[in-house]
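Peer 1: Quick one: the structure is below, and I'll ask about it shortly.
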Amino acid sequence: MSELDEHALRVQLPGFDGTSLQPEVLDLFAAGLGGLCLFGSNTAAGPETLAALTGSVHAAAPGAVVAVDEEGGDVTRLHAATGSPVLGPAALGAADDVDLTRHIAGVVATQLVAVGIDLDLAPVADVNSDPRNPVIGTRSFGSDPARVAAHTAAWVAGLQAAGVAACAKHFPGHGDTAEDSHLALPTLHADLALLARRELAPFVAAVEAGSSAVMTSHIVVTALDPDLPATLSRSVLDLLRDRLAFEGLVVTDALDMAGASAGRGIPEAAVLSLAAGADLLCLGPDKDPDLVRAVQTAITGAVADGRLPVDRLADAADRVARLPRGGGVAVEADGERVLDGARRAVEVEGRLPDLVGAEVVSLGTPANIAVGEVPWGLPPDRTVRPGDPLGGTGPVVLQVRDAHRRPEVASLARSAAVVVEWGWPGPWDGATPRICPRGYSRPGAAALRELLTRAGWGQ
């Protein structure tokens, strides 16, 4: 195999189905495949099986990058069966203790090191300025750029000090959008001054904190490039390299998302993103090895016909090879400190009524695609669907996610004694008391139990 063929493999970060890798996948790693992105199907059997999987990758290709989305809170791959044991970004931003954020990032990194993961596709550096945002929400540290910047830098520092490379995302900022780039191509209309003041501030902080990687977004930023999504735009990625002086690894968001590949396909999106300045191409979950070969062929073909300079491909492959690994100090979780942060993050709007005899009811609505089907909320006594009557003979604690984005929830909420908003705390009419833990985590659930118990729940 030629060096060109090896480079065209090294810049790819696919995901494959299952808790072990098939021989043809291991052959790809032996031939130079750059890495593996883990998803829920890979982590489902627990840490020992996951460690064996990552060990097989590193045995086949010692330089391969094993990556995962472990953001804390709602987005967790390691704890998809039980829920995250640490607070998520929105709760950390609300608690506003950067030392706690740094501590939690170190705890996450320690868990990742234990199962052989090199790169965490976190933190989320997006400023969630549009409460209608369907895909960022509680994954963001908040709506204030300065606060998001401070906590982004703290997460980067904590994660990398414990031995895992950080990847701040989704450059140049996915927070002021009302569409999901998994399904469509969102547009950000901010002018350059607003972009610098709001979207870019957390990424500047991440770069200054030494983030090993930055992930691109599949959104059109009209002030920079009105035609192409950021992942495929030379203008946007030049901003990252030149204005922010970022020298690390540029990772794409998953290229199977509609915002990147709709109408052009994954192999063509891969070529365009490399030409624009990306280095490591996340392909998405559960891919067939044939797709990796198709992307490899598209890349080598683009070099042959002059669309992709060979030096650009070599530079990308070199940046993948130079990703820092290991060398960190393990961090032991301080459970009481984390629980105290959860208590400070929870906001109570209105006065809680007497909840003696109350039942907990969950409103079943689809999860954020990035979050997936993972545990959320307190274990309910029952679940209802939008449009169903709330029912019950006593007080109801109604658990919802992003109720402000679902008009059909309003009338149901007015029939409850208390609403618990596990999603982003958007606009609220105040007709019913509301509790906002700012995303699900096990410490957040414990803090909520304390609140409800003091109001009489369980008696």
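Every read-out reported here was derived from the displayed coordinates using simple, explicitly stated rules and does not represent laboratory data. All of these numbers come straight from a predicted model, not from anything done at the bench. Because the Cβ atoms are built from the backbone with ideal geometry, glycine has one as well, and the counts that use them run over all protein chains shown.
Peer 1: Regarding the range 297-420, what is the average projected area of its C-alpha convex hull, in nm²?
Peer 2: Working: hull surface 58.9 nm².
Over every viewing direction, the Cα hull of the range 297-420 projects on average to 14.7 nm².
Peer 1: Okay, next question. Using the Kirkwood formula over every pair of different C-alpha atoms, what hydrodynamic radius in Å results for the range 158-266? Don't skip to the answer; put the middle values down first.
Peer 2: Values: mean 1/r = 0.0712 Å⁻¹.
After inverting the mean inverse Cα-Cα distance, the result is 14.0 Å.
Peer 1: Now a separate question. Just to be sure I understand: if I project the alpha-carbon convex hull of the range 66-112 onto a plane and average over all orientations, what area do I get in nm²? Let's see the in-between values first.
Peer 2: On the way: hull surface 12.7 nm².
Taking the Cα atoms of the range 66-112, their convex hull projects to 3.2 nm² on average.
Peer 1: When only Cα pairs under 8 Å and 6 or more residues apart are kept, what is the percent relative contact order across the chain?
Peer 2: Values: 1092 pairs, mean separation 79.5, N = 459.
Computed value for the chain: 17 percent relative contact order.
Peer 1: Right, next: As I understand it, the value is the acute angle between the Cα axis of helix 310-321 and the longest principal axis of the Cα atoms of the chain; what does it come to in degrees, rounded to 10?
Peer 2: 50 degrees
Peer 1: Can you grab the distance from the C-alpha centre of the range 389-403 to the C-alpha centre of the range 167-198, Å, no decimals?
Peer 2: Using only Cα atoms, the two centres lie 34 Å from each other.
Peer 1: With charges set only on the Cβ (+1 for Lys and Arg, -1 for Asp and Glu), what does the dipole of the chain come to about its Cα centre, in debye to the nearest 20?
Peer 2: Details: 35 positive and 57 negative charges, 182 e Å.
Computed about the Cα centre, the dipole is about 880 debye.
Peer 1: By how many degrees, 0 to 90 and rounded to 10, does the Cα axis of helix 98-114 deviate from the longest principal axis of the chain?
Peer 2: For helix 98-114, the angle is close to 60 degrees.
Peer 1: How high is the FRET efficiency between Arg385 and Arg454 when r is their beta carbon distance and R₀ equals 30 Å, given to the nearest 0.05? Numbers along the way, then the final one.
Peer 2: On the way: r = 30 Å, r/R0 = 1.02.
The pair Arg385/Arg454 has a calculated efficiency of 0.50.
Peer 1: Let me ask something additional. Tell me, in nm to one decimal, what length is gained between Ala410 and Ala321 on full extension, where the rule is 0.36 nm per residue of separation less the Cα-Cα distance? If you can, show how the numbers build up before the last one.
Peer 2: Details: separation 89, 0.36 × 89 = 32.04 nm, distance 5.17 nm.
Stretched fully, the Ala410-Ala321 segment lengthens by 26.9 nm.
Peer 1: Counting alpha carbon pairs within less than 8 Å and at least 6 residues apart, what relative contact order, in whole percent, applies to the range 346-454?
Peer 2: Details: 187 pairs, mean separation 33.2, N = 109.
Contact order relative to length: 30 percent.
Peer 1: May I ask for log10 I(q)/I(0) of the range 1-74 at q = 0.14, 0.21, 0.23, 0.24 Å⁻¹, from a Debye sum over the Cα atoms as equal point scatterers with solvent left out?
Peer 2: Treating every Cα as an identical point scatterer, log10 I(q)/I(0) equals -0.43, -0.88, -1.02, -1.09.
Peer 1: Regarding the range 62-166, what is the average projected area of its C-alpha convex hull, in nm²? Kindly include the intermediate steps, with their values, before the conclusion.
Peer 2: Working: hull surface 26.1 nm².
Here the figure is 6.5 nm², rounded to one decimal.
Peer 1: Of all beta bridges DSSP finds with both residues in the chain, what is the antiparallel percent, to the nearest 5? Could the numbers behind the result be given before it?
Peer 2: Working: 4 of 38 bridges.
If I count the DSSP bridges inside the chain, around 10 percent turn out antiparallel.
Peer 1: Kindly give the semi-axes, whole Å and largest first, of the ellipsoid equivalent to the range 216-357, taking each as the square root of 5 times a Cα gyration tensor eigenvalue. It would help to have the intermediate numbers written out before the result.
Peer 2: Numbers: eigenvalues 315, 86, 62 Å².
Over the Cα atoms of the range 216-357, the semi-axes work out to 40, 21, 18 Å.
Peer 1: So, one more: Could you work out the per residue convex hull volume over the alpha carbons of the range 298-341, in cubic angstrom? All intermediate terms of the calculation are to be shown ahead of the outcome.
Peer 2: Numbers: hull volume 6.0 nm³, N = 44.
Normalising the Cα hull of the range 298-341 by residue number yields 136 Å³.
Peer 1: Would you work out which of Val113, Ala316, Leu352 lies farthest towards the positive end of the dipole of the chain? Charges go on Cβ: Lys and Arg +1, Asp and Glu -1.
Peer 2: Leu352
Peer 1: Continuing with the same structure: Enter the angle in degrees (range 0 to 90, nearest 10) between the Cα long axis of helix 266-276 and the first principal axis of the Cα atoms of the chain, meaning the one along which they spread out most.
Peer 2: Computed tilt is about 80 degrees.
Peer 1: Percentage of Cα-Cα pair distances in the chain greater than 33 Å, rounded to whole percent? Don't skip to the answer; put the middle values down first.
Peer 2: On the way: 36274 of 105111 pairs.
Here the long-distance tail beyond 33 Å is 35 percent of all Cα pairs in the chain.
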